[in-house]
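Visitor: Quick one: the structure is below, questions incoming.
The numbers here are math on the coordinates, done by the rules we state, and not lab data. Everything numeric here is computed off the predicted structure, so don't read it as measured data. Cβ: placed from backbone, ideal geometry, glycine included. Neighbour counts: every protein chain shown.
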Amino acid sequence: MWVTEKAMLKAKSEWKEAHSLMQDLMFKPQFFTFKAWVWAAATISSRTLHIPWDEAGCLCPVGDLFNYDAPGIEPSGIEDLDRLLSNTSIPDTIVLNGDKNIMVDAEQLDSHSWRLTDGGFEEDANAYCFYAREHYKKGDQVLLCYGTYTNLELLEHYGFLLQENPNDKVFIPLEPALYSSTSWSKESLYIHHNGKPSFALLAALRLWATPQSRRRSVGHLVYSGSRVSTDNEIFIMKWLSKTCDAVLRNLPTSLEEDTFLLNAMDNSQDFSTFMEITKLVSSRDETCTFLETHNMKDTHSFTDVILSRKARRSMDRWKLAVQWRLKYKKVIFDCITYCNKILDSLLK
């Protein structure tokens, strides 16, 4: 909700700032509306491709049709490079010999295979070039990676999210003293999509849980990713599990309720069936808000109700919001599970 409100305020502020310029350019009246501005801004934000000479980007026919694919793990060793070469569309001028001394065409690999995005403007070709990361067969969907995004960022800027996003991350409230006890940035202190704390979060917690007089002596252990002691590890795992549990308890809906609501959205054949199902969960407050927004609060029977186009779009957005918050809660729940497994192994 905070991200949504922030995006709305930003859009309205930029629209007002550009108003005088639009007048100087003698725009037609219909282009002065906030609705027109949002459409134009969203087009630039979600459809344009980066070019080095204009920060607005460019529109590239066909190039904006590819659906998004999250970047995989960057190659870090000889095995990863072997796998990259076997799956890439780069021509067979690359040679791998028996003793694993790799001879490659540096120009082809340097800028195309190692980056997180699959396309870019190339001055030599004077064209926007795209590269496949795998062999595609006829009928396969061609996917394009255009950067590393969390699900919330994808939802804000592109209007969708991924069922499995290896780049997703969740932030939880931390003790103020923790930030002052470490040099790690706040952006690095998060929980991974699979529930595991980030390297920086674990390191910061281990250092924070160590008495200040001993931090300098154990710093080398912390920054190498090692445990300080068994007692230290038990303390931070209990603290992390308790904090995650408190986050889940303080949310308006539970993981189970969101799962139920999402299943109702997916499986209800009509709006009447959906309304009957949602009466069983506490998310009925959301349902009342939806009905009030679309002037259906006083409707006694939904049997013959046909949602307007606007209401259907609103329902789709509601579903995306439920999908996101459900994934958010699952990450936190998985973190609790992770902590409990570590505790079980340490307390044996």
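Visitor: Going 7 Å from the Cα of ARG214 along its beta-carbon direction, which residues of the range 325-348 have the amide nitrogen within less than 20 Å of the resulting point?
Guide: 343, 346-348, by backbone N distance to the label point.
Visitor: Let me ask something additional. For a quick check: with amide H placed at 1.01 Å from N, whose amide H comes under 5 Å from ILE51's, ignoring anything fewer than 5 positions away on the same chain?
Guide: The list, which skips near neighbours in sequence, is GLY57, CYS58.
Visitor: Still on this structure: Name the residues whose placed amide hydrogens come within less than 5 Å of the amide hydrogen of GLU175, ignoring near sequence neighbours (fewer than 5 apart) on the same chain.
Guide: Amide H neighbours of GLU175, under 5 Å, 5+ apart: none.
Visitor: Hey, what do the phi angles of the range 41-57 turn into as Karplus ³J(HN,Hα) couplings, whole Hz, using 6.51/-1.76/1.60 and θ = phi - 60°, x for Gly and Pro?
Guide: 5, 5, 5, 5, 5, 9, 10, 7, 10, 5, 9, x, 9, 8, 5, 6, x
Visitor: While we're on this one: How big, on average over all directions, is the shadow cast by the Cα convex hull of the range 161-347, in nm²?
Guide: Average projection, Cα convex hull of the range 161-347: 13.0 nm².
Visitor: Further question: Once amide H atoms are built 1.01 Å from N in the peptide plane, which residues 5 or more positions from HIS193, or in another chain, come under 5 Å H to H?
Guide: Sorted by chain and number, the residues that satisfy this are ASP168.
Visitor: Oh, and also: On full extension of the chain, what length is gained from LYS310 through VAL142, given 0.36 nm per residue of separation minus the C-alpha to C-alpha distance?
Guide: Working it through step by step, the gained length comes to 57.3 nm.
Visitor: Residue by residue through the range 222-238, which ³J(HN,Hα) values in whole Hz follow from phi under the Karplus form 6.51 cos²θ - 1.76 cosθ + 1.60 (θ = phi - 60°), with glycine and proline marked x?
Guide: With coefficients 6.51, -1.76 and 1.60, one gets 4, 7, 9, x, 8, 6, 6, 6, 5, 4, 4, 5, 4, 4, 6, 5, 5 Hz.
Visitor: Would you kindly work out the equivalent ellipsoid of the range 114-272 from its C-alpha gyration tensor and give its semi-axes, the square roots of five times the eigenvalues, largest first in whole Å?
Guide: Details: eigenvalues 288, 153, 33 Å².
Value: 38, 28, 13 Å, ordered largest first.
Visitor: Modelled label-to-label distance, SER13 and ASP69, 7 Å Cα→beta-carbon offset: nm?
Guide: 3.8
Visitor: Here is a further query. Rounded to the nearest 20 Debye, what is the dipole magnitude of the range 161-347 about its Cα centre when Lys and Arg each give +1 and Asp and Glu each give -1 at the C-beta?
Guide: Rounded to the nearest 20 debye, it is 780 debye.
Visitor: State to the nearest 20 debye the size of the charge dipole of the range 187-267 about its Cα centre, where the only charges are +1 on K and R beta carbons and -1 on D and E beta carbons. Show your work: numbers first, answer last.
Guide: Details: 9 positive and 8 negative charges, 155 e Å.
Value, rounded to 20: 740 debye.
Visitor: Let me ask something additional. For the range 161-347, compute the number of Lys pairs whose alpha carbons are separated by less than 18 Å, excluding pairs fewer than 8 positions apart on the same chain.
Guide: The number of close lysine pairs in the range 161-347 is 24.
Visitor: Taking 22 Å as R0, compute the FRET efficiency from the Cβ-Cβ separation of LYS242 and SER183 and round it to 0.05.
Guide: Values: r = 26 Å, r/R0 = 1.16.
After rounding, the FRET efficiency stands at 0.30.
Visitor: Something else: Please name whichever of SER268, VAL247, HIS220 sits farthest to the positive end of the charge dipole of the range 161-347, dipole taken about the Cα centre and charges placed at Cβ: Lys and Arg +1, Asp and Glu -1.
Guide: Result: HIS220.
Visitor: Same structure, new question: How much net charge surrounds SER345 when only other residues with a Cβ under 15 Å from its Cβ are counted (Lys, Arg +1; Asp, Glu -1)?
Guide: Once positives and negatives cancel, what remains is +2.
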